[in-house]
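In what follows, a structure is listed as structure tokens, so that the remarks can point back to it.
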Amino acid sequence: MYEALIAIWHQDYQLLVSHGAIAMVVLCLVLILFLESAFVFLPLPGDSLVLLSGGLVASGVIGHEVTLLYLPLAAGLGSLLAYWQGYALAHTRFMHHIERMVPQGSLPRAHDLLEKHGFMAMFSSRFVPFVRVLTPMLMGMTGMKLPKVALVSFFSAFCWTFALSLLSSSLMKVPQLEQYHHLLTKALIMISAVLFVLAVLALGIRWFKSHRANKAE
């Protein structure tokens, strides 16, 4: 995987093909999007990776089926797992631990979306990190019907991945930006890494403060 990342960094796509690493790259993208949509305590950079995927499609490294089928399917299945977690773990101490870990205001924001917009909250929250995991969890906790949740989950996942990948692939096709393709690719990789580190630090700091507050009590 390290060689694949280095190849993408240097845009040496022939190296990816010669090492047979394309399938591994696609598998990693699918797995990360599934985990990011399913577990609130895994602050993975889903948005920037979808943008990166769109750039790879525009470069001819991966096919359109990745962003139009594999990634939305992975994100939709992740949301269903989040729904199941909310259904199974409602009114348990584990939900209290989740509230302590997520960024300040994420849970109230998800509550507000759900109360004001119902199933439309699932669609709109797909575009908001952390909240896109909390919303299906809250739907599971309140016992909303699974078929409707599944329908909105997969539809919103498709719109999310389609919109972001279309944005990045369109930028890669702009003639005036052709000489900056390597910079755009590196920027997306760096943004993914930085967002991941910042999210981990934010979760760690929030957990530490909450742990200290509980000890003080």
For segment 140-150, 3J(HN,Hα) per residue [Karplus equation, 6.51 cos²θ - 1.76 cosθ + 1.60, θ = phi - 60°, Hz, x = Gly/Pro]: x, 5, 8, x, 5, 5, 4, x, 5, 4, 5
Phi-based couplings in Hz for segment 70-85 (Karplus 6.51, -1.76, 1.60; Gly and Pro marked x): 5, 5, x, 5, 5, 5, x, 5, x, 5, 5, 5, 4, 4, 5, 4
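Cα convex hull of segment 29-82: how many Å³ per residue?
Numbers: hull volume 2.9 nm³, N = 54.
Value for segment 29-82: 54 Å³ per residue.
What do you reckon, how do ILE22, ILE191 stack up by accessible area (1.4 Å probe), largest on top?
Working: ILE22 40, ILE191 80 Å².
So the residues, ranked largest to smallest area, are ILE191, ILE22.
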For LEU146 and LEU89, calculate 0.36 nm times their separation in residues minus their Cα-Cα distance, and state this gained length in nm to one decimal. 18.9 nm
Would you kindly state how much longer the chain becomes between LEU201 and LEU31 on full extension, computed as 0.36 nm times their sequence separation minus their alpha carbon distance, in nm to one decimal? 59.0 nm
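The values are calculated or read from the model by the stated rules, or taken from the named source; none is laboratory data. This one's a predicted model, so the numbers in the text were calculated from it and none came from an experiment. Accessible surface areas use protein heavy atoms only, side chains included; no ligands, DNA or RNA. Shrake-Rupley method; radii C 1.70, N 1.55, O 1.52, S 1.80 Å.
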